[in-house]
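The block underneath contains the structure these notes are about, expressed in structure tokens.
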Amino acid sequence: MIPMNLLTLPPIRVRTALMTLAVAATMCGVACDEKLSDLTGPTPNLQPTFSSIQREIFQTTDAAGRRACTECHSSMGRTPSAGLSLDPGVAYANLVSVRSVEKPDLLRVAPGDPDHSYLVHKLAGGPDIVGTRMPRGNGPFLTEGQMTVIRRWIALGAPNN
């Protein structure tokens, strides 16, 4: 490894390096100051874990009135929509690394890849979805903060935690 001395570098490189460090430090400071509960709005206890998403999103109608996913995606007394039961105990196995019925070229949840997870597409109402945006109806839909937490869980590899 070649030792680096800031005094021997051209001034433009020193300024670029210092500017990069300043921007990185500022971004880290802003990100660290924001509490997750400020981001998740109507679900202040939502965390990027499967158990939290199960409890706060799939099973619960939130403070904004967004309907619980299990109102339609439950096998309690019926066949769940799209054959997808989000009931506790089966939701993880029905989501992670499972091909979508509506878009078989995509996994419902592709661990590590939220952009190619059909769950994210359906919740965001992307142009490539089959049928309607979830939850069904005219909203309210998940907030940007709630979506960020789900995307983060998937980006972390969608662990069963």
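Over all directions, the average projected area of the alpha-carbon convex hull for region 38-155 comes to how many nm²?
Over all viewing directions, region 38-155 projects a mean Cα-hull area of 6.6 nm².
Check each of the trypsin sites (Lys or Arg not before Pro) in region 70-161 and keep only those in coil by DSSP with at most 14 other C-beta atoms within 10 angstrom; list them in order.
Answer in residue order: ARG78, ARG136.
Only loop residues by DSSP count here, and only those with at most 13 other Cβ atoms within 10 Å; note down the chymotrypsin sites (Phe, Trp or Tyr not before Pro) in region 109-161 that meet that.
Passing both the DSSP loop test and the Cβ count: no residue.
Length gain on complete extension for the stretch SER75 to ASN138, per 0.36 nm per residue less the alpha carbon to alpha carbon distance?
20.3 nm
No lab work stands behind these numbers, since they all come straight from the coordinates. A quick note: this is a predicted structure, and the numbers were derived from the prediction, not measured. As a convention, Cβ positions derive from the backbone with ideal geometry for all residues, glycine included, and neighbour counts pool all protein chains shown.
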